1. Does anything in segment 240-264 have its amide N under 15 Å from the 7 Å Cα→Cβ label point of Glu271, and if so which residues?
2. If we count other beta carbons within 10 Å of each Cβ, what is the order of Ser402, Ser388, Ser397, fewest first?
3. With r as the distance between the Cβ atoms of Glu697 and Asp347 and R0 = 35 Å, compute the FRET efficiency 1/(1 + (r/R0)^6) and round to 0.05.
4. Segment 61-82 to segment 627-673: how many Å between their Cα centroids?
5. Mind counting lysine pairs for me in segment 401-517? Cα separation below 18 Å, and the two need to be 8 or more apart along the chain or on different chains.
6. Mind checking the full-extension length gain between Asp632 and Thr524? Use 0.36 nm per residue of separation minus the Cα-Cα distance, one decimal, nm.
7. In segment 144-243, which chymotrypsin sites (Phe, Trp or Tyr not before Pro) fall in coil by DSSP and have 12 or fewer other Cβ atoms within 10 Å?
8. Calculate, in nm to one decimal, what Glu582 and Arg513 gain on full extension: separation in residues at 0.36 nm each, minus their alpha carbon distance.
Amino acid sequence: MIKLYDNGVYLLNGTEIVEDNAEAAALLQSKTGLTPDKKQAAKGTMAYGILESHNTSGNMEKLKIKFDKLTSHDITFVGIIQTARASGLEKFPIPYVLTNCHNSLCAVGGTINEDDHMFGLTCAKKYGGVYVPPHQAVIHQFAREMLAGGGKMILGSDSHTRYGALGTMAMGEGGPELVKQLLSQTYDINMPGVIGVYLTGEPMKGVGPQDVALAIIGAVFANGYVNNKVMEFVGPGVEKLSADFRIGVDVMTTETTCLSSIWKTDEKIKEFYEIHGRVEEYKELNPADITYYDGMIYVDLSTIKPMIAMPFHPSNTYTIEELNANLMDILHDCEKKALVSLDGQVDFKLTDKVKNGKLYVEQGIIAGCAGGGFENICAAADILNGSSIGADAFTLSVYPASMPVYMELVKNGSAAKLMGAGAVMKTAFCGPCFGAGDTPANNAFSIRHSTRNFPNREGSKLQNGQISSVALMDARSIAATAANKGFLTAATDMDVEYTGQKYFFDKTIYENRVFDSKGVADPTVEIQFGPNIKDWPVMSALTDNLLLKVVSEIHDPVTTTDELIPSGETSSYRSNPIGLAEFTLSRKDPAYVGRAKEVQVAEKARVAGECPVSALAELENVMKTIKGTYADVDNANTGIGSTIYAVKPGDGSAREQAASCQKVLGGWANIAKEYATKRYRSNLINWGMLPFIFEDEKLPFANGDYIFVPEIAKAIQDKSSEIKAYIVKDGLQEFTLKMGELTDDEREIILKGCLINYNRV
């Protein structure tokens, strides 16, 4: 059972929930003898204490956070370091770990993957960082093993930066936020709300962390219950979960759209640090005796059943039992939803996977920061011990999350059990999570213990007429399905004796391969650049006025960052801003790049002191119409660019390229009903793009229309919340755009055109 409280709650002594309603004051008085003080009790959260200790503003309503450590992987660290270098970087001021777990197998572009890795290694030497070679560890597993610490804060350039189970508040953001930390600036946010997640009971045999995570995601994603808030895990059920189990739930909190997470800690977490030789990093964390939460998610772990998230979102959840009992109805519903997700570009079918009344899947994957943990894989090995996955279409691949985990699986025999059943053991790599490895066949259906199942994130390409799809499941039920040779099966339906193998961490694996500067920079080191590694193009400051052409209009309920800039093999181009920009919106609106470039030609002419009309003839009538009302508008004070409209853009990945690629192509703004995540909105701002909001259902503009925004620079300077704009057609048709809250630094970044310009020395 999962219950969402309608109001805030008080938590007494970590075990008793009192909802904040008309009876709350009297009830609290009787239980504690104290008059409730909501503001004071809100300071009792673990989140408040950690944020307070890292806040440099002196004002807990307006936070300016400095993190303890940073981490990035190889499709983000090149752009981050290039941005910081352009802004005067001399050394990494705090520990910065560069992992290589995303570009490891993107087999396109010749040498460019390894060129990025050598760039990372030489930068770690030059600026005093840590470099983890390819296949050694996925970013988040290395962070758990070697970086996390009780009460600490870590910022990563990957959305699944979540180490709350270990007592570390971690956040995933776009690269520019890491650049700010590298330049000794701060992460500026309002004090977030804190939502309690009260765990009680104990999971039944066969239920794993992904089952619990999917149940929670299904309950809170659509209603935005935890959007941009901190999820704080408390209650007696926490102690019933192993460290690995907690980690498996925690990493998936990203899919709720929360800002971060934190858990109470205990002896099991202390043991985790002991196993990894870092017991000094353990800190006991608990909420105060009287703690106030802005909301509460009540989870009875004993009622959670094996779950499945059907295509095309982690929140599209069912119990496996429910799916099997209503198979055709649910599959038909998924096909109907796909018409929206896929824009009818291909004929998507799931009902043809039903054989003799059972759902047949062609592929199983257990991988990455969510699935590749030691306990998940050991449990899968126990289920498959002595079985066979069969000699038909079904395949099973297993990716341990780090080489130390892999080594222990070899030593304790789990790897042999899996391989004996027909599974393939692979190295630490994030590819299956974002479409750079194990792409299924066309029309195939894959079940994965990974983090996301967005459209085409498994690697298929709509523009080539391809479609395959992914459902998310726990490793245990994936193994049960494998034991039944591809027919969907819940782990609770299997009679298995789980061996409960103990984990032993071998630190020599990292000592032998990981470069650790110990924070000592060597400025004599020459950075190794490959031919694909390019500097960011020059970006102009915001002009007095803006003329924007709408070049894409997206009406899906949510637009993911994968749809804004595809993942998969395009990841190999992420060190080349101009080259990567060619893929922008390619799987959602293939005409976008051409339209944006047409407008950009006019802006380039304007910047060069030439006439924009000569570069784009349609501007002649547009400018004539504008000048009829705004006579002082000219080429010097009016920038020309593109914009897109999307209902709710930015769900999913933290990668900045979802915004920067639009900027590289001449984008000046997004217009949205709302933004799916704080991190995507921040990416827009850091690349000098205006995060406009238009809340009405009916749009006054359409794809191809020009929008004139007069005195936009003044509106930003004056902190205007409403912006006057005009559609330029047969005259000027006025409408209003809104602008959410911006910090003073964010306003200055937008005015100067991007974070690089803001920091340029």
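Values in this text are rule-based calculations from the coordinates and carry no lab data. Treat the numbers as computed from the prediction; the structure is a model and nothing was measured. Backbone-built Cβ (ideal geometry, glycine too); neighbour counts: all protein chains shown.
1. Inside the label zone: 240-247.
2. Ser388, Ser397, Ser402
3. 0.70
4. A separation of 25 Å, based on Cα centres.
5. 6
6. Full extension of this stretch gives 33.6 nm more.
7. Taking segment 144-243 and a limit of 12 other Cβ atoms within 10 Å, no loop chymotrypsin sites (Phe, Trp or Tyr not before Pro) are found.
8. 21.3 nm
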